[in-house]
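What follows is one structure encoded as structure tokens, with my remarks underneath.
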Amino acid sequence: MTLFTIVKDLIGKEDVNWGDSSSTFSRETHSGGSTTLHYIDAECIPSTTLGGYIGDNLHEQNTDTSTTSTYFTINSGGSHAKLDTTGLTADRTFTFPDTGDQELIGATDLASTSNGLGASLVGVEDSGSLLDATDVEAALAELAGELSGLAYCRGFRKGFEMNDAGDTQISIYSGCAYLGTSSDYRVVRTEATVTFTLGSGGSNSASEDLDAGAQEIHYIYIDKSSISSAVLTATNFLNHTTVPTWNTTHQGFYNGDDRCIGAVLIDASNHVVDFYQASQQFQGFSTPIDEYNLAAAPGNMTELDISSCVPTFAISARLVVSSPAGNDLFIFDVTSAGVSGHLLYVAAGNHGVIDVPLTSDQKVYWASESTQTTGVSVIGFYADRV
């Protein structure tokens, strides 16, 4: 048997021919008969050229579905991941990080405010080594802590001087102030002169009414609970007879979370006593307020209480001393000892003006050399810390 005959026997039941795989052809067998053979589809396996492709006839679809030319889906039958080009306006390239331990973070995680997500996933560059933090979330917390501890900001106030503007109204000039509270702090301001009407029927319903029928001091506060913006309007102020106290943490006079910016005197007719503010420190009365009305002056250091007309934050007062007989020498001091007192000489038929220091409860000690009939009135006060 020749080599040719052996080869023919080996491929006698099938042959290799290129063409349409759906058609057949006949060939002669080695024994002289014929058999029907199928073509091998040229589309499926390249026969004459390199770079051909395996067509659909030999491709088996995997178990995933929902993959098109627009998007590609992995694990479509379960919790899937999808690369979707819908909405793109140009070609986009996503480059995978060349590192062994890199998570892919989605928009939901980046937008989250939960601990460990959001800004904690974004690093910060700190070439000056000024921060201990290494991500944005921690850096913001570190900066917030530093800002809250800045001593120069605590107690800050500029402006907010006041003048009377009617029987129940005052003008509050533009200003800026630190407002520390039990939960946070902020700097608030006005951008124009504000006309504030006192009383619950005025600018702020939380204000106290002017209905005492007697002389009393009303304190003007920034009303923390009413604030929704850093820019204040008349509705963000209130008046109240509650006396503020010094807050050592926030360095200002407060009633709860409300910061005091000043005070006005109300007369027995429930009207604002006419006043003017010469500076942020000094507030004067247009008409003197009598506190010692033409009686014999004390010969020894005696307490004179003027707290009925000057506020709790007044550190000194300006007094007018009148002596009809005149030629009298007066001494004023913050203690009964009178060691470092302030001296005032009043000539006959005249009066004198003197600034005197006050005790923490708005009192002053005074005495006269001749104990003659004397009158003492208050025409203003100083309030450096308000």
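Structure summary
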item: Cβ-Cβ FRET estimate between T373 and S308, R0 fixed at 22 Å, reported to 0.05; result: 0.50
item: Globularity index of the range 157-276, i.e. its alpha-carbon radius of gyration over 2.2 N^0.38 Å; result: 0.99
item: Label-point separation in nm, I105 to T73, each point 7 Å along Cα→Cβ; result: 2.9 nm
item: Range of Cα positions in the range 253-386 per principal axis (Å), largest first; result: 49, 33, 24
item: T359-V187 FRET efficiency (beta carbon distance; Förster radius 35 Å; 0.05 resolution); result: 0.60
item: C-alpha center-to-center spacing [the range 367-386, the range 76-133] in angstrom; result: 72 Å
item: Gain on full stretching of the segment that runs from E146 to D290 - 0.36 nm per residue minus C-alpha separation; result: 46.9 nm
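Bear in mind these aren't lab numbers, they're just calculated from the coordinates by the rules spelled out. These figures come from a predicted structure and were not determined experimentally. Quick reminder, even Gly has a Cβ in these numbers, built from the backbone with ideal geometry, and neighbours come from all protein chains shown.
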